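Worksheet for the structure shown next.
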Amino acid sequence: MLTDLDAVYVDTRADALGFALGLPPVDALATLTVTRGPVRVELRLLGASHQVVAGPISETVACLPGLSGPLPGEVIRTVGDWSYDFTAGTRAYDRAGFEAAVDEVGRRLTGRADALTGTFPGSPYAVTAIAMAAGLGWRTWHAYPQTMEIVETRTRLEATG
């Protein structure tokens, strides 16, 4: 699902993104609910970036009070009967490379019922996208036209019990 978000984005630099597990749902600009097996997954676009709520897990990557960046490169945790594995990386581009990379993400996610992409006012390249991955996993992209950077995250959630 592609949506034009009617709000100025709060996160304007990749290194300002913070990470948290277990936050309650934050006010979202757009949401999409997907079911994978017995697990309900809510993909949430925030003015400050993204939040995913999946079963007992709440993952927030955002510029919010109390969260400071930069993002960790990897987080591996056990939460109840679940194994949680998160990775994040940032790539810098020149203008043409940045625009081509954002366009490619858009092409890959267009028409997918398990993906949510939001474009913020001011630039067609101010984009946050979340898409389900194989099994119980998801990927996100956070594009920053001011700095020509894209933050990509990958998360995998597996039942251990």
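The values are calculated or read from the model by the stated rules, or taken from the named source; none is laboratory data. The model shown is predicted, which means the values in this text are computed figures rather than measured ones. Neighbour counts run over all protein chains shown; Cβ positions are idealised from the backbone, glycine included.
What is the residue count in the stretch 64-99 for residues that are surrounded by 13 or more Cβ atoms within 10 Å (Cβ to Cβ), hydroxyl-bearing (Ser, Thr, Tyr) and closer than 22 Å to Ala28 by Cβ? So the answer is 1. Taking the criterion of being among the hydrophobic types (A, V, I, L, M, F, W, C) and surrounded by fewer than 23 Cβ atoms within 10 Å (Cβ to Cβ), the residues of the stretch 108-149 that qualify are Leu109, Ala113, Ala115, Ala126, Ala131, Met132, Ala133, Ala134, Leu136, Trp141, Met148. Evaluation of Thr78 against the conditions (1) in a loop (DSSP other than H, G, I, E, B); (2) more than 21 Å from Asp15 (Cα to Cα) shows that the sole unmet condition is (1).
Determine, yes or no, whether Val105 is in contact with a strand residue (DSSP E or B) (Cβ under 9 Å, 6 or more places away or on another chain), part of a helix (DSSP H, G or I) and modelled with pLDDT of 95 or more. So Val105 fits the description; yes.
Looking at the stretch 26-37, which of its residues are surrounded by 13 or more Cβ atoms within 10 Å (Cβ to Cβ) and of a type outside the set (S, T, N, Q)? Val26, Ala28, Leu29, Ala30, Leu32, Val34, Arg36 - these are the residues of the stretch 26-37 that are surrounded by 13 or more Cβ atoms within 10 Å (Cβ to Cβ) and of a type outside the set (S, T, N, Q). Total residues in the stretch 54-63 satisfying the condition of being crowded, with 20+ Cβ neighbours inside 10 Å and either part of a loop (DSSP other than H, G, I, E, B) or within 12 Å of the chain's Cα centre (by Cα) (or both): the figure is 4. For the stretch 92-100, the count of residues that are in a loop (DSSP other than H, G, I, E, B) and within 17 Å of the chain's Cα centre (by Cα) is zero. Note on the stretch 76-91: residues that are of a type in the set (A, V, I, L, M, F, W, C), at pLDDT 95 or above and more than 15 Å from the chain's Cα centre (by Cα) amount to 1. Residue pairs whose Cβ atoms lie under 7 Å apart, sitting 6 or more positions apart in sequence or on different chains, and linking a residue in the stretch 11-22 that is more than 14 Å from Glu152 (Cα to Cα) to a partner that is among the aromatic types (Phe, Trp, Tyr) and at pLDDT 85 or above, are Thr12/Tyr144. Flag: Arg40 does not match the condition of being basic (Lys, Arg), under 14 Å from the mean Cα position of the chain (by Cα) and modelled with pLDDT of 90 or more. Condition check: in contact with a strand residue (DSSP E or B) (Cβ under 9 Å, 6 or more places away or on another chain), within 23 Å of Pro25 (Cα to Cα) and not small (Gly, Ala, Ser). Does Phe120 satisfy that? Judged against the criteria, Phe120 is a match. Considering the stretch 117-131, the residues that are touching a helix residue (DSSP H, G or I) at 6+ places or on another chain (Cβ under 7 Å) and among the small types (Gly, Ala, Ser) include one that is nearest to Val105 (Cα to Cα), namely Ala129.
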